[in-house]
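Trainee: Pasting in a structure now, in structure tokens, and then I'll have a few things to ask.
The values are calculated or read from the model by the stated rules, or taken from the named source; none is laboratory data. Everything quoted here is computed from the prediction, not taken from an experiment. Cβ: placed from backbone, ideal geometry, glycine included. Neighbour counts: every protein chain shown.
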Amino acid sequence: MKEIKDRILNDLNENIKKVANIQEFQVLKSKFLGKKGEISNLMKEISKIDKDKRKEFGAFVNSIKKEAEEILEEAFLNLKKKLKEEEEKKNWVDITLPGAKRRIGYEHILKQTIREIYDIFSSMGYKIVEGPEIETTWHNFDALNTPDWHPARDMQDTFYIKDNIILRTHTSPVQVRTMLNNEPPLAIISPGRVYRKDEPDATHSPAFNQVEGLYIDKNVTVGHLKATLERFLTMYFGGSRKVLLRPSYFPFVEPGYEVDVDCMFCGGKGCNVCKGTGWIEILGAGLVHPNVLKNVGYDPDEWQGFAFGTGVERIAMLKHGISDMREFYKNDMRFLGL
Ligand code: PHE
């Protein structure tokens with residue numbers, strides 16, 4: 001009888017080593033303990049055994065069953081542990097690895113620049129105003145003292161939509177629109193896109209951005225204009241900036257100026273950015289022409305004002321050291337992440 005027990009349990013021990021998963025375990029378990037399993041078959045033998053030996057045989061079969069159950073129980077626990085370890089190994093993640101970085105978007109430099117200009121002027125009490133990019137020739141030229149025979153009109157030739165409807169060539173028509181709709185005094189700036197028939201190159205684009213400024217009050221002088229621009233350019237470029245007003249001509253101002261700022265790269269000594277002059281041209285400006293005031297219904301004897309216009313790309317290029325204007329429009333992520 002001992003041999004039977006040894007055979008069955010050895011057989012079980014041998015087979016249990018090969019079990020690799022729960023299904024295989026269940027098959028093996030029922031082979032030994034199931035209704036048609038080896039141990040059950042032995043149980044069935046009990047009836048055939050002599051009565052006086054039955055008890056002993058029963059106890060013998062039970063002892064095999066009990067040992068087999070113990071072996072299976074232990075094997076089951078080991079199998080579960082092994083499977084769990086394998087699973088953990090497979091799903092292992094190194095929590096010390098750096099996470100996947102998400103790129104964070106940036107505000108476009110032109111938008112940043114417009115916002116900076118707005119912050120500076122709003123600190124001086126200016127309001128932001130916007131005007132249409134599709135404009136009438138009257139707002140863009142005539143009201144600004146530039147009738148259709150005027151040579152200055154050719155200098156800003158643009159895209160005509162109809163005879164009297166154009167893509168605006170500058171933000172100055174917003175001066176006209178603001179004055180027509182508001183009573184003086186006024187202090188506004190107006191950022192926006194403008195259009196000119198220019199070939200694109202490093203410093204020209206057929207569509208670019210300007211910021212217009214307009215201040216209307218009583219007894220306004222060139223001194224106010226100069227101080228305002230000095231303050232703007234100092235706050236925008238940093239340091240302490242000087243402003244040079246060079247007489248120039250724009251039909252809608254009198255007197256009119258090209259405005260230079262002392263070179264922020266060499267402090268005015270002369271370098272290749274300022275072409276050795278110590279000055280960088282940065283704005284057009286002047287006192288609002290009496291004809292413009294009359295065109296919008298203001299009395300030039302009572303009200304005066306100054307106006308200026310600057311290129312957003314131009315001042316952003318100077319501040320950020322950008323040498324080609326076309327970079328602004330290319331949407332190259334390396335440039336935009338500047
Ligand atoms: N509108 C002018 C330009 O585009 C700039 C300017 C604005 C000049 C206001 C004087 C006053 O060149």
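Trainee: Condition first: modelled with pLDDT under 90 and exposed (fewer than 14 other Cβ atoms within 10 Å of the Cβ). Now tell me which residues in the stretch 59-86 satisfy that.
Mentor: Of everything in the stretch 59-86, those that are modelled with pLDDT under 90 and exposed (fewer than 14 other Cβ atoms within 10 Å of the Cβ) turn out to be A59, N62, S63.
Trainee: Considering every residue within the stretch 261-275, establish whether at least one is in contact with an Asp or Glu (Cβ under 8 Å, 6 or more places away or on another chain) and either among the basic types (K, R) or without any contact (Cβ under 8 Å) to a residue 60 or more places away in the chain (or both).
Mentor: Looking through the stretch 261-275, at least one residue is in contact with an Asp or Glu (Cβ under 8 Å, 6 or more places away or on another chain) and either among the basic types (K, R) or without any contact (Cβ under 8 Å) to a residue 60 or more places away in the chain (or both).
Trainee: Moving to a separate point now. Would you tally the residues in the stretch 171-198 being under 14 Å from Y298 (Cβ atoms), out of contact with any Asp or Glu (no Cβ under 8 Å at 6 or more places or on another chain) and in a loop (DSSP other than H, G, I, E, B)?
Mentor: 2
Trainee: Say whether the condition of being surrounded by 15 or more Cβ atoms within 10 Å (Cβ to Cβ), of a type in the set (K, R) and not in a loop (DSSP other than H, G, I, E, B) is met by at least one residue in the stretch 241-262.
Mentor: no
Trainee: Quick check on this structure: which one of D119, D142 is among the acidic types (D, E), under 42 Å from the mean Cα position of the chain (by Cα) and surrounded by 13 or more Cβ atoms within 10 Å (Cβ to Cβ)?
Mentor: D142
Trainee: Something else about it: For V292, state whether it is surrounded by 15 or more Cβ atoms within 10 Å (Cβ to Cβ), over 39 Å from the mean Cα position of the chain (by Cα) and farther than 27 Å from L110 by Cβ.
Mentor: When the stated conditions are applied, V292 passes them.
Trainee: Can you go through F265, F252 and tell me which one is assigned by TED's automatic domain parsing to the domain that holds S123 and under 21 Å from Y215 (Cα atoms)?
Mentor: Answer to the selection: F252.
Trainee: Which of the residues spanning the stretch 141-158 are assigned to a loop (DSSP other than H, G, I, E, B), free of Cβ contacts under 8 Å to residues at least 40 places away in the same chain and over 19 Å from N291 (Cβ atoms)?
Mentor: Residue satisfying the conditions is T158 alone.
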